[in-house]
Amino acid sequence: MDVAVTLEAQKQAVRAAAFARRKLAFEAQNGAASGLLSEILAGYRGAALAGFMPINTEIDPRPAMAEASAHGAVGVPVITAATTPLEFARWSPGVVMVEGAFKAHIPADIEWMIPEIVIVPLVAWDETGGRLGYGGGFYDRTLEGLRARGPVLAIGFAFNVQQAYDLPLEVTDQPLDMIVTEDRVLTIGD
C-alpha cells in the first residue's frame with residue numbers, strides 16, 4: 001500500500017476522533033476559554049499578532065484578540081489561493097467582516113500586516129508541538145515563510161480534549177512553540 005495513502009488515512013482517523021471530542025468540549029464550555037490566552041499575550045504587549053475567526057466548534061480566541069488590539073496590531077488570516085501561504089489583514093473589534101474562502105470571516109476593507117505571533121487553530125495537537133489541521137497546509141506554508149523572515153511565536157489554541165498521541169506528521173509540518181488550552185499552557189522545549 002502507498003505510504004502517502006496510509007498516512008492520509010491515519011490523519012483522517014485522527015481528525016474524525018478529534019472533531020468529535022472538540023464538539024463535546026465546545027458544547028460544554030463556559031465562555032471563558034480564552035482567559036489563559038489573554039494572560040500569555042499580555043506578556044507580548046505591542047507585538048504584531050494574528051489570531052483567527054473561529055469556525056464551527058473551534059475554540060474562540062476573539063476575547064484575547066480584542067484585549068491585545070488595545071496594545072498593538074492584530075490580524076486575521078486571509079486565504080488568497082489554495083496553495084499559497086496565508087496573508088493577514090488587520091482586525092479590531094467592531095470592524096465590518098465578510099465571508100472569505102472556506103467561510104472564514106475577513107475584514108471587508110483589507111489592510112495587510114505581518115505578525116510576530118500567530119495564534120494557530122487546529123484539529124489535534126501533541127505535547128511535542130505537533131499539530132494536525134484541516135489538511136490544506138495553509139499554516140505550515142505560512143509558518144515556514146514567516147520563520148524564514150525571522151522569529152515568530154506559533155501558539156496553538158485548542159481545547160484540552162484535542163490532545164492526541166502519535167500524530168501522523170510529515171516533514172513539512174511546522175511545529176508549534178506553545179499550546180494554550182482553556183486551562184493549561186504547554187511551552188514546547190521546556
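Throughout, read-outs are computed from the coordinates displayed, never taken from laboratory work. Since we're looking at a predicted model, the values are computed, not measured. Note: ideal-geometry Cβ built from the backbone for every residue, glycine included; neighbour counts use all protein chains shown.
Could you give the distance between the Cα centres of region 150-171 and region 4-72, to the whole Å?
A separation of 11 Å, based on Cα centres.
Which FRET efficiency value, to the nearest 0.05, is calculated for D166 and A82 with the Förster distance at 35 angstrom and r the Cβ-Cβ distance?
The computed FRET efficiency comes out at 0.75.
In what order do V98, V78 fall by count of nearby beta-carbon atoms within 10 Å, going from fewest to most?
Least to most surrounded, the residues fall as V98, V78.
Amide H of V118: which non-local residues (sequence gap of 5 or more, or other chain) have their own amide H closer than 5 Å, using H built in the peptide plane?
Here the answer is A50, L153, A154, I155, since their amide H atoms fall under 5 Å of that of V118.
I need the calculated FRET efficiency for the pair V96 and R141, taking r as the beta carbon distance and R₀ as 22 Å, to the nearest 0.05.
That pair, V96 with R141, gives E of 0.20.
Quick check: the angle from helix 3-28's long axis to the longest principal axis of the chain, C-alpha only, nearest 10 degrees?
50 degrees
From the gyration tensor of the Cα coordinates in region 15-112, what semi-axes in whole Å does the equivalent ellipsoid have, largest first, with each one equal to sqrt(5λ)?
Its equivalent ellipsoid spans semi-axes of 22, 20, 12 Å.
Loop-only GluC sites (Glu not before Pro) in region 105-190, please: DSSP not H, G, I, E or B, and at most 13 other Cβ atoms within 10 Å.
Taking region 105-190 and a limit of 13 other Cβ atoms within 10 Å, the loop GluC sites (Glu not before Pro) found are E111, E127, E170.
Can you say what percent of the DSSP beta bridges in the chain, counting only those with both residues inside, are antiparallel? Round to 5.
55 percent
Across every pair of different alpha-carbon atoms, what Kirkwood hydrodynamic radius in Å does region 3-187 reach?
When all Cα pairs of region 3-187 are included, the Kirkwood radius is 16.6 Å.
In whole Hz, with x marking every Gly and Pro, tabulate ³J(HN,Hα) for region 130-140 from phi via Karplus 6.51 cos²θ - 1.76 cosθ + 1.60, θ = phi - 60°.
x, 9, 10, x, 7, x, x, x, 4, 6, 5
Exposed loop trypsin sites (Lys or Arg not before Pro) only (DSSP loop, at most 12 other Cβ atoms within 10 Å): please give the longest stretch of the chain free of them, not including the sites.
46-183
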